[in-house]
Each structure stands twice: as C-alpha cells, then as structure tokens.
1. Tell me the label-point distance for the pair A:S123, A:T182, using the 7 Å Cα-to-Cβ offset, in nm and rounded to one decimal.
2. Go through A:60-72, A:123-135 and give me the packing order, highest mean Cβ count within 10 Å leading.
3. Suppose all protein chains stay in the model; what accessible area per residue would a 1.4 Å probe give for region A:41-194, in Å²?
4. May I ask you to compute the full-extension gain from A:E50 to A:S172, defined as 0.36 nm times their residue separation minus their alpha-carbon distance, rounded to one decimal in nm?
5. By the scheme Lys and Arg +1, Asp and Glu -1, what is the net charge of all other residues having a beta-carbon under 15 Å from that of A:E50?
6. Quick check: net charge around A:D120, other residues with Cβ under 15 Å of its Cβ, Lys/Arg +1 and Asp/Glu -1?
7. Short version: what are the Cα gyration tensor semi-axes of region A:126-189, square root of 5 times each eigenvalue, largest first, in whole Å?
8. What's the tally of Lys pairs in region A:87-201 whose alpha-carbon atoms lie under 26 angstrom apart, where the two lysines are 8 or more places apart or on different chains?
Amino acid sequence: MPRKRKEREAEQLESEPPEAKPASAKAKRKAKEVEERDDSAPALYLLKSEPDEFSIDDLAARPQQTEPWDGVRNFQARNIMQRMKLGDQCLFYHSNTKEPGVVGICEVVKEAYPDETALDPESPKHDPKATADKPRWFMVDVKLVRKLKRIVPLKELKQHSNGSLEGMVLLSKGRLSVQPVTQPQWDFIMELAEHEPADES
DNA sequence: GCCAACGTTGGC
DNA sequence: GCCAACGTTGGC
C-alpha cells in the first residue's frame with residue numbers, strides 16, 4: 001500500500017525530533033545546527049497568541065507568571081517547540097488583534113511535554129488522533145520575563161524587512177505560530193522597544 | 001468582514 | 001503521488 005507523500009511527511013514531522021533515524025539531508029543539516037549551537041546562550045523564539053484568548057497581561061496575572069503554552073496544532077510549530085530548552089527566551093507576540101506586535105519576553109521553564117488538551121474530548125482543542133501513548137501534540141511552560149516598554153508593532157517591524165530584520169520568519173512565514181528568532185533580530189527589536197517609534201511620514 | 005496565504009485531507 | 005477542495009490563520 002503506497003503511502004501518500006503528504007501523510008508520510010506529516011508523520012516524519014511527527015516522529016521528529018529527536019534521535020537518529022535514517023536521516024535526510026534536511027535532518028543532517030538540522031543536527032549540525034543543534035551541534036553548533038552555543039549552549040551557553042539561550043536560543044531565541046517568537047510565540048504568537050491572540051490577546052483575546054491569552055495576552056501578555058494574562059500571563060503577568062498568572063500565579064508564578066507561568067503558563068503552559070498549549071493548543072499548538074501545527075507540525076512545524078510543534079517541532080520547533082520540542083527543541084526548546086530551559087532558559088530559552090521567547091518574544092511574546094500579539095496576533096489577530098487591532099495592533100499586532102511584539103509586547104514582551106518570556107522564558108521556557110518546562111521543556112516539551114504532552115499537551116493534554118489534545119487528549120481531552122471536552123476540549124475545543126481535542127484531537128482524536130492523539131492518544132496517551134502517542135500524544136501527538138506538545139507544549140512547554142513559559143514564564144514572564146518582562147513586558148516591553150512599548151509594543152513594537154508588526155507595521156514597524158515590516159519597515160525593516162529589507163534591513164535589520166531581513167529574513168525574519170514573522171515577515172515571510174506570517175502564519176507560523178512558533179518561530180525561531182536570530183540574535184541580531186532579537187537585539188534590534190529590543191532596541192526598537194527602547195525608543196519612541198520612528199516618524200512614519 | 002474580507003481575503004490571501006498556506007496547511008491538511010481525501011479522491012482518483 | 002498529484003492536486004482540488006477545504007479549513008485556518010491572521011493582517012487589513
């Protein structure tokens with residue numbers, strides 16, 4: 001029975017990471033990236049949330065200012081999340097709202113573990129394909145580090161899409177809800193947050 | 001509310 | 001294995 005390609009790809013994504021499998025060129029590249037990663041520095045990411053659902057202020061109001069990042073239902077996003085390590089830093093991004101943009105920083109305080117909302121038939125996020133044995137979806141816990149002095153709006157980030165933020169995933173793969181961020185991109189956004197927005201006219 | 005972009009599903 | 005149809009995301 002020939003496997004459907006998309007299905008195979010999805011399963012590949014599902015069973016990744018970690019640990020060795022035959023290893024495509026892509027997988028090797030990824031392994032090399034991990035190997036070369038400087039373990040002394042936390043990795044950097046961006047997490048999207050719709051503030052109507054869960055905002056940076058909701059995170060700030062939580063006990064311990066900590067929350068499980070549940071509900072991710074995209075393989076690529078999940079795989080990125082599964083690579084997160086304790087202490088990795090994440091930009092908190094407000095999406096699907098009046099003023100979308102980066103609003104704060106949070107930190108990984110618990111590495112990937114099964115997302116129980118996928119297993120719960122009562123949950124709107126329930127996934128019938130998820131089982132206790134093969135949970136399929138994972139989440140991390142994040143803790144608020146700080147809110148930024150001001151929101152750095154998407155509109156403003158876009159103004160630098162051919163400059164300091166060239167190649168930023170947010171600007172090319174707009175829909176991915178968990179994304180890697182590079183150190184220069186991170187630093188630049190921090191810099192933006194410290195200053196008043198540049199005059200747009 | 002509209003719609004473009006993109007991921008997923010399923011027929012063949 | 002291709003691709004059309006469908007669903008979701010998210011900016012505007």
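1. 3.5
2. Numbers: A:60-72: 15.4, A:123-135: 12.0.
Going from most to least packed, we get A:60-72, A:123-135.
3. Details: 7700 Å² over 154 residues.
In whole numbers, region A:41-194 has 50 Å² accessible per residue.
4. Values: separation 122, 0.36 × 122 = 43.92 nm, distance 1.92 nm.
Here the answer is 42.0 nm.
5. Details: positive: A:K48, A:R73, A:K98, A:K125, A:R175; negative: A:D52, A:E53, A:D57, A:D58, A:E67, A:D70, A:E99.
Result for the neighbourhood of A:E50: -2.
6. Numbers: positive: A:R73, A:K125, A:K129, A:R136; negative: A:D70, A:D115, A:E116, A:E122, A:D127.
That works out to -1.
7. 31, 16, 11
8. 22
The values are calculated or read from the model by the stated rules, or taken from the named source; none is laboratory data. Because the structure is a prediction, the values reported are computed rather than measured. Every residue, glycine among them, receives a Cβ derived from its backbone with ideal geometry; neighbour counts consider all protein chains shown. The accessibility values were calculated without ligands, DNA or RNA, using every heavy atom of the protein model including side chains. Shrake-Rupley method; radii C 1.70, N 1.55, O 1.52, S 1.80 Å.
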